[in-house]
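Q: I'd like to ask you about the structure that follows.
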Amino acid sequence: MHKASVIQFVDYSMEISNKTLLKNINLEFAENETFLVYGPRNSGKSLLLRSIVDLNNELFRNVKSSGAILFQGENIVNLEGQYLRSQISYCEPTFIDNINFLTLSEVLYLALGLKVSDITKDQFLLLEKLNLSHIFADRNTLKSYEHFDEWTIGDKISFIIFLNIARNPQVFIFDSILDHLDDFLLNNIKEFLYETKKDKTLIISTRIIKLFSDIAQKIGFIANGEILFTGDIQDFMLSFPV
Ligand SMILES: Nc1ncnc2c1ncn2[C@@H]1O[C@H](COP(=O)(O)OP(=O)(O)OP(=O)(O)O)[C@@H](O)[C@H]1O
């Protein structure tokens, strides 16, 4: 059965300061699909995934693009930024350091409009599943975790995942951020994401295919800003053994 397309790149190219960094991308992400964007360092994974939420324009000057990116059939340039980012959550490893500049209360408020005391039962269950109950169990422990420099990297990544899931978007993009977990936490989070995704779209970028080949169905292989393969992950493993 053909799954409904959620995001589609149509002949999309992008340059920054006259240097072409994404070349003629044609790619489709469907509903209820886990899609791996796989490629070496500097291959263009982040530029590609940030372009889905129109973020490169905000981060860099002299960005030009041609072709189109469609979200549910609409060109993203015609969609309101706030709406786009409520439907598609994007997170990358710089978030792990950037949240250190804020307190837990500030992050909760900025991301979810929530006070710590307003965390709901369902949200607490989510936190429990992500192994964060040792932080959120009671007010006294919470106080000692108000500053993120007291948190482990694994707990910070789990918390970033919580913030993304609690916002209930249609599409989750985890840009290389899950590569930073140890085996135990990664297995727990993969299991959790697998249960959560249902009618959602999950896009994971990685430089290490073996971490996710068990949960992904589709793969796009990118090198030097070009997609060299797109299709079933099993076919990819046979054609490009790594
Ligand atoms: N603002 C920019 N100006 C010029 N070149 C850039 C800019 N941002 C990224 N690049 C270049 O584009 C290429 C792709 O970068 P990108 O960050 O998308 O790679 P990546 O595959 O995500 O890498 P990694 O796995 O290391 O995170 C790299 O060669 C990078 O140097």
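No lab work stands behind these numbers, since they all come straight from the coordinates. Computed from a predicted structure; not experimentally measured. All Cβ positions, glycine included, derive from the backbone under ideal geometry; neighbour counts span all protein chains shown.
Q: Return the total of residues in the range 211-229 being of a type in the set (D, E, K, R) and either in contact with a helix residue (DSSP H, G or I) (Cβ under 7 Å, 6 or more places away or on another chain) or away from the ligand (no atom under 16 Å from the Cβ) (or both). If you could, list the steps in order and put the result at the bottom.
A: Our first condition is that a residue be of a type in the set (D, E, K, R); within the range 211-229, this holds for 214, 218, 226.
Keeping just the survivors that are either in contact with a helix residue (DSSP H, G or I) (Cβ under 7 Å, 6 or more places away or on another chain) or away from the ligand (no atom under 16 Å from the Cβ) (or both) gives 214, 218.
Result for the range 211-229: 2.
Q: Further question: If the requirement is being among the small types (G, A, S), within 17 Å of the chain's Cα centre (by Cα) and within 13 Å of the ligand (Cβ to nearest atom), which of these qualifies: S51, S17?
A: Details: S17 fails: within 17 Å of the chain's Cα centre (by Cα).
One residue alone meets the criteria, S51.
Q: Which number in (1) closer than 25 Å to V10 by Cβ; (2) out of contact with any Phe, Trp or Tyr (no Cβ under 9 Å at 6 or more places or on another chain); (3) not charged (D, E, K, R) marks the one condition that H147 misses?
A: It is condition (1) that H147 fails.
Q: Taking T230, is it of a type in the set (V, I, T), within 15 Å of the chain's Cα centre (by Cα) and on the phi < 0 side of the Ramachandran plot? Give the steps one after another, and end with the answer.
A: Numbers: of a type in the set (V, I, T): yes; within 15 Å of the chain's Cα centre (by Cα): no; on the phi < 0 side of the Ramachandran plot: yes.
So T230 does not fit the description; no.
Q: Further question: For the subset of the range 20-33 comprising residues that are within 29 Å of D214 (Cβ to Cβ) and of a type in the set (A, V, I, L, M, F, W, C), which member is farthest from the ligand (Cβ to nearest atom)?
A: A30
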